[in-house]
Amino acid sequence: MRSYTPLLALVTDLVCVLVFVVVGKADHATGLAPAAVAGTAWPFVVALLAGWLATLAWRSPSRIWPTGVFVWAVTVIGAMPLRLLTGEGAPLSFVVVTSLFLVVTMLGWRTVALLVSRKGRASARTVGPEA
């Protein structure tokens with residue numbers, strides 16, 4: 001595994017969270033100024049980092065199970081109380097939308113990485129010594 005893989009995976013997870021926040025803020029017209037985005041994003045970023053620490057995600061950052069599933073779960077479950085502490089809401093509909101968006105994106109990129117990795121290994125096996 002290349003040394004930049006964990007950093008790239010962490011950045012990709014962070015992008016998933018930031019896209020979620022920006023899309024939500026744009027959809028609800030609540031402002032896209034950097035401070036507004038950061039104010040909404042920080043509970044998710046903190047929870048994401050906690051998920052990475054709790055799962056030691058840097059050891060196998062692109063694995064769907066258990067890394068991706070647990071990082072996703074900690075991100076969603078951990079962000080909700082933080083939102084409530086800051087006076088933001090966390091109604092069930094928000095939790096459902098958050099969960100679905102982040103599961104699709106955070107496990108989605110891992111699925112793509114897995115498929116690309118398998119395709120690369122399969123291609124390497126088909127190129128034998130006679131090539």
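Brief remarks follow.
- Residue-level check: of (1) in contact (Cβ under 8 Å) with a residue 60 or more places away in the chain; (2) open to solvent by less than 40 Å² (accessible area, probe 1.4 Å), VAL19 misses just (2).
- Per the listing VAL71, VAL21, VAL76, the residue uniquely among the β-branched types (Val, Ile, Thr), touching a Ser or Thr at 6+ places or on another chain (Cβ under 7 Å) and farther than 30 Å from ARG118 by Cα is VAL21.
- Segment 100-114 residues that are modelled with pLDDT of 95 or more, paired with ones that are of a type in the set (Phe, Trp, Tyr) and open to solvent by 50 Å² or more (accessible area, probe 1.4 Å) (beta carbon under 6 Å, 6 or more apart): LEU102/TRP72; VAL103/TRP72; MET106/TRP72
- Scanning segment 81-90 for any residue that is surrounded by 17 or more Cβ atoms within 10 Å (Cβ to Cβ) and assigned to a helix (DSSP H, G or I) turns up at least one such residue.
- Look at (1) surrounded by 16 or more Cβ atoms within 10 Å (Cβ to Cβ); (2) within 11 Å of the chain's Cα centre (by Cα); (3) aliphatic (A, V, I, L, M) and you find that ALA57 fails only one, number (2).
- The test for being within 13 Å of the chain's Cα centre (by Cα), open to solvent by 50 Å² or more (accessible area, probe 1.4 Å) and under 18 Å from PHE94 (Cα atoms) does not hold for VAL11.
- Scanning segment 22-40 for residues that are in contact (Cβ under 8 Å) with a residue 12 or more places away in the chain, farther than 20 Å from GLY108 by Cα and aliphatic (A, V, I, L, M) gives a single hit, VAL37.
- Filter result for PRO66 (over 18 Å from PHE101 (Cα atoms) and open to solvent by less than 60 Å² (accessible area, probe 1.4 Å)): yes
The values are calculated or read from the model by the stated rules, or taken from the named source; none is laboratory data. The structure presented is a predicted model; accordingly, all values stated were derived computationally and were not measured. Because the Cβ atoms are built from the backbone with ideal geometry, glycine has one as well, and the counts that use them run over all protein chains shown. Calculation scope for accessible area: heavy atoms of the full protein, side chains included, ligands and nucleic acids excluded. Shrake-Rupley method; radii C 1.70, N 1.55, O 1.52, S 1.80 Å.
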